[in-house]
Amino acid sequence: MDQKTIALAAAKAMDAKRGKDIIALNVSEMTVITDYMVIGSGRSVPQVKALAENVEEELAKLDVFAKRREGMSEGRWCVLDYGDVMVHIFHEQDREYYQLERLWTNGQNELELNFDAPEQA
């Protein structure tokens, strides 16, 4: 499975739990750390945790597992490290403060997210 597909699946998993302001960025030309970043927000600590858990569950169904996970117990900024895909899930106040996407968006690297599209076979 390619990295873009994993990033899009993570974004869709966040959308399924009503994550807010979900974006997926191709950062492969900007850093060697990862190729894609997926960023989303939750309205509360329990929702942030639920978003992270759902991403893990949905990607596990695709046989993709996080190498590292940070922030799950606090539920303010969870990071799921899938190697070539990094998933950041913020409490909306923390996301506004850190503005992570501002650092990684160049105006041309945002992936199109279409959560209403039917599954492709």
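None of the figures in this text is laboratory data; all of them are computed from the coordinates on show. These numbers were taken from a predicted model, which means no experiment stands behind them. Methodologically, a virtual Cβ is constructed for each residue, glycine included, from the backbone with ideal geometry; neighbour enumeration extends over all protein chains shown.
Structure values in brief
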{"item": "Number of positions in segment 53-94 that are in contact with a Gly (Cβ under 8 Å, 6 or more places away or on another chain) and part of a helix (DSSP H, G or I)", "result": "1"}
{"item": "Scope segment 82-111; condition touching a strand residue (DSSP E or B) at 6+ places or on another chain (Cβ under 9 Å), charged (D, E, K, R) and free of Cβ contacts under 8 Å to residues at least 24 places away in the same chain; matching residues", "result": "94, 96"}
{"item": "Residue 47 vs. criteria over 13 Å from the mean Cα position of the chain (by Cα) and buried (at least 19 other Cβ atoms within 10 Å of the Cβ)", "result": "yes"}
{"item": "Unique match (being in contact (Cβ under 8 Å) with a residue 40 or more places away in the chain, within 24 Å of residue 108 (Cβ to Cβ), assigned to a strand (DSSP E or B) and not small (Gly, Ala, Ser)) among 37, 14, 30", "result": "37"}
{"item": "Selection status of residue 5, within 12 Å of residue 82 (Cβ to Cβ) and part of a loop (DSSP other than H, G, I, E, B)", "result": "no"}
{"item": "Top-ranked residue in segment 79-115 [being among the hydroxyl-bearing types (Ser, Thr, Tyr) and out of contact with any helix residue (DSSP H, G or I) (no Cβ under 9 Å at 6 or more places or on another chain); ranked as surrounded by the most Cβ atoms within 10 Å (Cβ to Cβ)]", "result": "105"}
